[in-house]
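The values are calculated or read from the model by the stated rules, or taken from the named source; none is laboratory data. This one's a predicted model, so the numbers in the text were calculated from it and none came from an experiment. Cβ placement follows ideal geometry from the backbone for every residue including glycine, while neighbour counts extend to all protein chains displayed.
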């Protein structure tokens, strides 16, 4: 077995919101805060958010979401007729190798991918938080109801990312690397975090390098 690493930067092209818990309620404060490092009070992107978005979009891209009844794709579904297409079956098997198999027999062994939390690249003088008002529009009157403030990390802020992939003897390294890169490309064409339909979470992955 060997372990390879893809590292680089995530640059925000629009405001990003990944929610964080807050056990205090402040009058006039922000209702919906972003997740922050408890020691530095700076925002970060959880590795689980990045990994989960990659897997979800790859499952949609391969075309296996419809047969999974809303649950993560597993090897027990490889008997479906859609896998008469050999290329689709190979892609689905690589997905299970990379992200893990939800089936009880764990046919494809250990999960290959490990996605670290993405640390803020702190630039002196750069703001790392903004408050944006969100409203619900009354369809009859056209007026805004239920205003609340949502915290976002503003466009222009960057984070470091680090993805490790285990390569086992039976794996094809280039196939797994290609799937990771495809997952990041799909996120670039979609969004990361919440409220993507409102324009949040547009990102690009830059300075990517395998080692």
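Observations
- Just one of the numbered conditions (1) over 13 Å from the mean Cα position of the chain (by Cα); (2) at pLDDT 95 or above; (3) outside any helix (DSSP H, G or I) is not true of residue 170: (2).
- Test set (1) modelled with pLDDT under 95; (2) closer than 22 Å to residue 179 by Cβ; (3) under 18 Å from the mean Cα position of the chain (by Cα); (4) surrounded by 15 or more Cβ atoms within 10 Å (Cβ to Cβ) - residue 77 fails condition number: (3)
- Qualifying residue in the range 66-73 (condition: touching a helix residue (DSSP H, G or I) at 6+ places or on another chain (Cβ under 9 Å) and in a helix (DSSP H, G or I)): yes
- Residue check for residue 86: over 20 Å from residue 187 (Cβ atoms), modelled with pLDDT of 85 or more and under 23 Å from the mean Cα position of the chain (by Cα): no
- Scanning the range 93-147 for residues that are assigned to a strand (DSSP E or B) and at pLDDT 95 or above turns up 113, 114, 115, 118, 119, 120.
- Each residue in the range 74-89 was checked for being in contact (Cβ under 8 Å) with a residue 12 or more places away in the chain and assigned to a helix (DSSP H, G or I), and 5 pass.
- Residue list for the range 192-204, restricted to those being crowded, with 21+ Cβ neighbours inside 10 Å and on the phi < 0 side of the Ramachandran plot: 192, 200, 203
- When restricted to residues that are farther than 20 Å from residue 113 by Cα and outside any strand (DSSP E or B), the range 194-211 contains 9.
- Residue list for the range 145-167, filter: exposed (fewer than 15 other Cβ atoms within 10 Å of the Cβ) and either free of Cβ contacts under 8 Å to residues at least 60 places away in the same chain or over 20 Å from the mean Cα position of the chain (by Cα) (or both): 145, 146, 147, 148
- Residue 41, sole failed condition from (1) more than 25 Å from residue 161 (Cβ to Cβ); (2) outside any helix (DSSP H, G or I): (1)
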